[in-house]
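What follows is a set of notes on a single structure, which appears directly below.
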Amino acid sequence: MVKKSLIKLIIPVSFLLFLTTVSVYAQSFDEQVDWLNALKENKVEFKSVSNGKLQEVVASWDGKNRSLISNNRNNSQQDNSGEYLVWVSNINGYNQVFRRHLPTDTDLQLTFASNNVSPVVDEYGNVAWERWIDDSWQIFLFDGVSIRRISKGIVGVRPRISGGVLFYAEKKNDVTWQLTGYSLQSDQSSELQIGSSSKDIKLEEDRVVFDDGNSINKISFSTVFDFYGDNTVDNEYTVEDVLREIESVLSEPLDSSVKDVTDVDNEYFEEIDQSDEVEAVLE
């Protein structure tokens, strides 16, 4: 028979363990909600930093830091837009491109061969980058379904992407550079600028700014192709969706079977199957 003194000891210890578990869950919820709200309010800065041996990608906001990509490889060249982050990870001496949907922490490896650099992503999750192929750099694009080569010239470099439109510098001959715009919505390309200033551009809210300081209004391209087409990836949670999910869980009684408060049923987050739907089409 268990002594009364032992029973008196067991009950407080069990209660303390319960309170500790509740406290850990609450803290994890608070941290996740804070992270998602920071994403929603566009407060997060992403950067590649050294951990003493390798490069890793971290997120910073309101004096807080969160390690996002930390493994046994160098991770760098990150870019972000909306709810998406892209970066390059060095695997066996070759740079490969990855994309993450930040609210669901879902990763997708986009390249598996050759060297791939300078990835960029837009708010819809479309990704463009430079790939070394046929002894030159060329522009490749992932549109949420497939991967294909976009550039047709001798060299294609320095991609920029926004609102479902890709811009890149293309060398048509040994001398001449041109800026090309490509619409994912209409699958059309347009020559936008000729000259060395086309090699490097910046995308601002409503303008394309060239290396020489001149600029073009983005809206003027609407006569060439639908600039603001809908290129969203279906079946992917947004920040608002995840916050609603967390709020619904918080309103329910504590379930001791929950192992990780950041777990959300995978059926909500159907990511594209790499082996079946991500296919490289070389033109």
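Among the residues of the range 165-201, those identified as surrounded by fewer than 17 Cβ atoms within 10 Å (Cβ to Cβ) and part of a strand (DSSP E or B) are Gln188, Ser190, Glu191, Ile194.
Quick check: is even one residue across the range 49-56 farther than 19 Å from Leu102 by Cβ, assigned by TED's automatic domain parsing to the domain that holds Leu102 and at pLDDT below 85? Yes: one or more hits. In the condition set (1) without any contact (Cβ under 8 Å) to a residue 24 or more places away in the chain; (2) closer than 26 Å to Asn74 by Cα, Val157 is compliant with all but (1). Taken over the range 104-125, the residue count meeting the criterion of being under 10 Å from the mean Cα position of the chain (by Cα) and more than 18 Å from Gly156 (Cα to Cα) is 8.
State whether one or more residues within the range 193-200 are at pLDDT 80 or above and charged (D, E, K, R). No, every residue in the range 193-200 fails to be at pLDDT 80 or above and charged (D, E, K, R). Among all residue pairs at least 6 apart or on different chains, which show Cβ distances below 9 Å where the first residue, located in the range 70-84, is closer than 12 Å to Asn51 by Cβ and β-branched (Val, Ile, Thr) and the second is modelled with pLDDT of 95 or more and buried (at least 21 other Cβ atoms within 10 Å of the Cβ)? Going by the 9 Å Cβ cut-off, there are no qualifying pairs. Just checking, does the range 124-133 include any residue being part of a loop (DSSP other than H, G, I, E, B) and of a type in the set (D, E, K, R)? So far as the range 124-133 goes, no, none of its residues is part of a loop (DSSP other than H, G, I, E, B) and of a type in the set (D, E, K, R).
The values are calculated or read from the model by the stated rules, or taken from the named source; none is laboratory data. Because the structure is predicted, anything quoted here is derived from the model rather than measured. Don't worry about glycine lacking a Cβ; one is built from the backbone with ideal geometry, like all the others, and counts go over all protein chains shown.
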